Amino acid sequence: MTWALWGFALLGCSLASASGVYRLDDALGLASEFDGIGALSGGGATSRLLVNYPEPYRSQILDYLFKPNFAAALQILKVEIGGDAQSTDGTEPSHMHYEDDENYFRGYEWWLMKEAKKRNPNIKLIGLPWAFPGWVGRGENWPYDYPDVTAYYIVSWIIGAKRFHDLDIDYIGIWNERSFSSKYIKLLRYTLDKQELQRVRIIASDNLWEPISFFMLVDSELREAVDIIGAHYPGTKTVPSALQTKKKLWASEDYSTFNDEVGAGCWARILNQNFVNGKMTSTIAWNLVASYYEDLPFGRCGLMTAQEPWSGHYTVNPPIWITAHTTHFTQPGWYYLQADGHLEKGGSYVALTDRQGNLTIIIETMTHDHSKCIRPLLSPYFVSPQKATFHLKGSFSKLKSLHTWYSKLEFNSPNSTLFQSLGPINVSEGVLTLNLGLDEVYTLTTLTAGFEKPFPDPPASQPFPSDYKDDFNIRNPPFSEAPNFADQTGVFEYFVNVSDPGEHVFTLRQVVTQRPITWVTESEHPISIIGNYKWVNLTITCDIYIESNDGGAFIAGRVNKGGIYAKAAKGIFFWVFPDGTYRVTGDLGGEEVLMKGLSGVRAKAWHTLTLILTGTNASGMLNGNPLWANVTITDPGNGWAAIGTHTFEFTQFDNFHVQAN
């Protein structure tokens, strides 16, 4: 962060001297209630690496995200309700893998919600599913055929949050970016009420404004059940039918943009213009923190970046400080003032009040090419330097000064000015004027909220260790997943093998035994990746235990795709099967067979697999003895290491070791 002061002008003057005049008057009545600014953890295992950070860096990252008056000071946290399936950059575990199974300590979203609440007890919590365990759909890839089962599954998550973690979930969604069922929404409302969860509000449909808003206009019971209409990536616009419902409108997922200055420009623009153009009273960023391998889809599309737990390195990116312009000086429950919100020569402003005499004005002048979000396409527009005069009326007419905070996003210089305090600006007879440049954000406020200095720089960035081992021998693991493994299909969890008194008591086990109700087309072969995407020459060794005669296991190197593209991953995959055969393939799907033969592997016995990749040559060993060699590989040239299974069956892994050179 650079605290250098760039050129600007702040001066009081008469109303007649301004080229653009904007009236702020609470006597004209108030507009919509402000519901807060938030971010989303999950929607693809986006916080996967965060939990493995050592202290004090993990707590520092959490403070940057949630601590009031410190950095982002987020007011809403939305999390994925894990469904055991790929949801963008990985899978998140369900609290009910199977119908007779309940475990409210899997994954890291419980932990994250508690950490957020610890820092800000007033933060609002939202849960939304991307996928569902297969049993919910009774084997069909659809959660609405048995709406009572789906409602039970979701409400159990809400009850478990309270019972096991003392977390009150404030809002619940339907199914991320997929079809909705009016019948299911009504049944969900009924089930919540029956469990005395009337306070939990329903957001729908976490997709488009229509058709949900149209159905709500013609179905009074549905309209009564839905509290918030949530749209994704609305481009700051809404539709007449959504406005006609008189419901609150939220951008319940937005941003998804690389977190450099352009990403900060996108975020600054939509935070204001989602209300100015679309009357949305909350905007929620995907994602909270880019804490997943950067070469997965949408790398560094978080408000900040924390993708190196092995080094402790993280970066506090510009969108964090753009968020602070709003969250430090407003709170949910404040109200927007009635105002047009458009600046005469481009850009926008919003003004909010707590109805107790406090006033906050946020101004942005983001130019077109410096504020493009990843979606939707941004129509052309122009912004020019301008003078803006604000005429404060009503209960604000007697204000003598406003505290000023300033950001300037630079694109031809390495040093942006981010969240700089400029001190008070005088207000003369209810009038203040600003000379506005390009790509600037101002906050003018009556509040004197404190701001602590950021933490010292974290450790320097380092690549993933070139010699990495994990024997999974943690007796009481703090999380269900092993550090640094990123599940892309299936779920790999710590397991205590009570039937094995030997060296394999504590293992890592693939636990999904039925194909989930998926969110995207995903691989049929569970896989978990780890390491450095740039790895070329490496040796991978791992013990495997296939529990079923229908199963199979693999280790792999140079795996070149993950996330929503995992199904198409290429690499070198060394498979063994309980019928005593092996295969070497160039793809996860198993169609590109490079070599095959007999191995002698059987189910319910431990075996050690070794894969050696050197230049264009690959070879494999079984139990320390050569099994195959001289397989020529040219593509892909680099990628992650991985472990995985042939089907959705129980399979255990132990003593993982990768060496790269």
> If you take just the strands (runs of 3 or more DSSP E) that sit entirely in the range 1-45, which of them hold at least 1 residues that are of a type outside the set (Val, Ile, Thr) and modelled with pLDDT of 50 or more?
Replying inline: 20-25, 30-33, 36-41
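Test Asp193 against the criterion of being closer than 16 Å to Pro129 by Cα, modelled with pLDDT of 95 or more and outside any loop (DSSP other than H, G, I, E, B), and give yes or no.
So Asp193 fails the test.
Here are some residues: Asn176, Asn141, Asn122. Which one is in contact (Cβ under 8 Å) with a residue 40 or more places away in the chain, in a loop (DSSP other than H, G, I, E, B) and under 19 Å from Asp35 (Cβ atoms)?
Asn122
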> Checking Tyr494 against (1) touching a Ser or Thr at 6+ places or on another chain (Cβ under 7 Å); (2) crowded, with 18+ Cβ neighbours inside 10 Å; (3) touching a residue at least 24 places away in the same chain (Cβ under 8 Å), which test does it fail?
Replying inline: (3)
>> Considering only the range 390-398, I want to know if a residue exists there that is closer than 21 Å to Gln338 by Cα and touching a Phe, Trp or Tyr at 6+ places or on another chain (Cβ under 6 Å).
In response: yes
> For Asn412, all conditions in the list (1) on the phi < 0 side of the Ramachandran plot; (2) at pLDDT 95 or above hold save one; what is the number of the exception?
Replying inline: (2)
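Mind listing just one residue for me: the one in the range 605-654 that is more than 31 Å from the chain's Cα centre (by Cα), closer than 25 Å to Asp500 by Cα and not aliphatic (A, V, I, L, M) and, of those, surrounded by the most Cβ atoms within 10 Å (Cβ to Cβ)?
Among them, the one singled out is Thr610.
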>> With the requirement that a residue be of a type in the set (Lys, Arg) and within 17 Å of the chain's Cα centre (by Cα), what does the range 106-132 give you?
In response: Lys114, Lys124
> Restricting attention to the range 435-472, which residues are loosely packed, with under 13 Cβ neighbours inside 10 Å and closer than 30 Å to Phe495 by Cβ?
Replying inline: Asp467, Lys469
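Inspect all residues belonging to the range 434-451 and state whether any of them is of a type in the set (D, E, K, R), outside the structural domain of Phe382 (by TED's automatic domain parsing) and either assigned to a strand (DSSP E or B) or out of contact with any Leu (no Cβ under 7 Å at 6 or more places or on another chain) (or both).
Let us first name the residues in the range 434-451 that are of a type in the set (D, E, K, R), namely 439-440.
Among the residues that remain, those that are also outside the structural domain of Phe382 (by TED's automatic domain parsing) are: none.
Within the range 434-451, not a single residue is of a type in the set (D, E, K, R), outside the structural domain of Phe382 (by TED's automatic domain parsing) and either assigned to a strand (DSSP E or B) or out of contact with any Leu (no Cβ under 7 Å at 6 or more places or on another chain) (or both).
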> What number of residues in the range 107-123 are in contact with a Pro (Cβ under 7 Å, 6 or more places away or on another chain) and not polar (S, T, N, Q)?
Replying inline: 1
> So which residues in the range 25-69 are under 30 Å from Lys387 (Cβ atoms) and either in contact with a Lys or Arg (Cβ under 7 Å, 6 or more places away or on another chain) or crowded, with 22+ Cβ neighbours inside 10 Å (or both), if there are any at all?
Replying inline: Asp25, Ala27, Ser32, Phe34, Ile37
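Filtering the range 542-578 down to residues that are hydrophobic (A, V, I, L, M, F, W, C) and part of a helix (DSSP H, G or I), which residue is surrounded by the fewest Cβ atoms within 10 Å (Cβ to Cβ)?
Ranking the candidates gives Ala568 first.
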>> Quick test for you: out of Tyr104, Tyr171, pick the one residue that is surrounded by fewer than 20 Cβ atoms within 10 Å (Cβ to Cβ) and among the hydroxyl-bearing types (Ser, Thr, Tyr).
In response: Tyr104
>> Being of a type in the set (A, V, I, L, M) and out of contact with any strand residue (DSSP E or B) (no Cβ under 9 Å at 6 or more places or on another chain) is the filter here; which residues of the range 158-185 pass it?
In response: Ile159
>> Is it the case, given these coordinates, that Arg106 is on the phi < 0 side of the Ramachandran plot, in contact with a Gly (Cβ under 9 Å, 6 or more places away or on another chain) and of a type in the set (Lys, Arg)?
In response: yes
>> Residues that are outside any loop (DSSP other than H, G, I, E, B) and in contact with a helix residue (DSSP H, G or I) (Cβ under 6 Å, 6 or more places away or on another chain): does the range 510-525 have at least one?
In response: yes
> Applying the selection to the range 578-604, what residues are in contact (Cβ under 8 Å) with a residue 24 or more places away in the chain, farther than 14 Å from Ser619 by Cα and within 39 Å of the chain's Cα centre (by Cα)?
Replying inline: Pro578, Leu588, Gly589, Gly590, Ala603, Lys604
> For the range 299-326, how many residues are outside any strand (DSSP E or B) and either surrounded by 22 or more Cβ atoms within 10 Å (Cβ to Cβ) or aliphatic (A, V, I, L, M) (or both)?
Replying inline: 15
>> Of everything in the range 196-252, what is in a loop (DSSP other than H, G, I, E, B), over 26 Å from the mean Cα position of the chain (by Cα) and polar (S, T, N, Q)? Give them in sequence order.
In response: Gln198, Thr245
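Taking only the range 579-588 into account, find how many residues are in contact with a Ser or Thr (Cβ under 9 Å, 6 or more places away or on another chain) and not in a loop (DSSP other than H, G, I, E, B).
Of the residues in that region, 2 qualify.
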> From the residues in the range 186-233 that are touching a residue at least 12 places away in the same chain (Cβ under 8 Å) and polar (S, T, N, Q), which one is surrounded by the fewest Cβ atoms within 10 Å (Cβ to Cβ)?
Replying inline: Gln195
>> Suppose we filter the range 368-414 for residues that are assigned to a loop (DSSP other than H, G, I, E, B) and surrounded by fewer than 19 Cβ atoms within 10 Å (Cβ to Cβ); how many remain?
In response: 23
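The values are calculated or read from the model by the stated rules, or taken from the named source; none is laboratory data. Quick caveat, the model's predicted, so the values are computed rather than measured. Glycine gets a Cβ as well: all are built from the backbone with ideal geometry, and neighbour counts include every protein chain shown.
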